[in-house]
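Below: one structure, written as structure tokens.
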Amino acid sequence: MNTLETAFRRILRRLVALRRECAGSILFTFGLALPVIVGVVGLGVESGAWYLDKRTQQTEADAAARSGAYERARGNPSNVSAAALRDAIRNGFVNATPNTIAINNPPTSGAYAGDGGAVEVILGTEKAALLTSMFLPSLTIRSRAVAAVQVTGSACVLALDPTLSAAVTNQGSADINMPGCTIA
């Protein structure tokens, strides 16, 4: 046998022995799986943050639409946008780029489209993607709320300070019987 053939057989035996060797295979498998595990955990954390941002933004839109609808019901159509923006800001909305706000009276879409008594508020914001940036450069989160106030009658219990937000409060378990009467 020549030395080349001997060296070839020696390499072949080592390859066969290596194929049967199991030590270190867990480390190799873990090394391959680690980026996938980190990516899935990162996506879960990031989508949870997106969900929280969406819920917060929906609260801001709901408050803004309700405030605008109350202004409309009071007979102040010129103050609808200002009241809606004020309540959105009061609930945490930042009126600066990359955030957007659209206040429509009457709403432009949906079941209340064209209803002059309803107010539509659409909030949007651009979120930079963190771990998902290889799939998405950014994400737009939008929330829409529509509110309409129905005036059912005149108020017989009336708060005297129209600027105080808690001028009338209800507490405890008192029974009040006022048929056809509202508190304002």
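The values are calculated or read from the model by the stated rules, or taken from the named source; none is laboratory data. Model, not experiment: these values are computed from the prediction. When we count neighbours, we look across all protein chains shown, and the Cβ atoms used for this are built from the backbone with ideal geometry, even at glycine. Please note that ligands, DNA and RNA were not included when accessible areas were found on the heavy atoms of the full protein model with its side chains. Shrake-Rupley method; radii C 1.70, N 1.55, O 1.52, S 1.80 Å.
Laid out as a table, the results:
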quantity: Pairs, first closer than 12 Å to K127 by Cβ and assigned to a helix (DSSP H, G or I) in the stretch 30-57, second basic (K, R) and open to solvent by 50 Å² or more (accessible area, probe 1.4 Å), C-beta under 7 Å, six or more apart; calculated: W50/K127; D53/K127
quantity: Condition met for E60 (part of a helix (DSSP H, G or I), at pLDDT below 90 and under 13 Å from the mean Cα position of the chain (by Cα)); calculated: no
quantity: Pairs, first touching a residue at least 40 places away in the same chain (Cβ under 8 Å) in the stretch 150-174, second aliphatic (A, V, I, L, M), C-beta under 6 Å, six or more apart; calculated: V151/A73
quantity: Residues located in the stretch 101-117, provided they are outside any strand (DSSP E or B), at negative phi, of a type outside the set (S, T, N, Q) and open to solvent by 40 Å² or more (accessible area, probe 1.4 Å); calculated: P106, A111, Y112, A113, D115
quantity: Unmet requirement for R66, which otherwise passes all of (1) open to solvent by 60 Å² or more (accessible area, probe 1.4 Å); (2) touching an Asp or Glu at 6+ places or on another chain (Cβ under 8 Å); (3) outside any helix (DSSP H, G or I); calculated: (3)
quantity: Residues that are open to solvent by less than 30 Å² (accessible area, probe 1.4 Å) and closer than 30 Å to I183 by Cα, drawn from the stretch 118-157; calculated: A118, V119, E120, V121, A145, A147
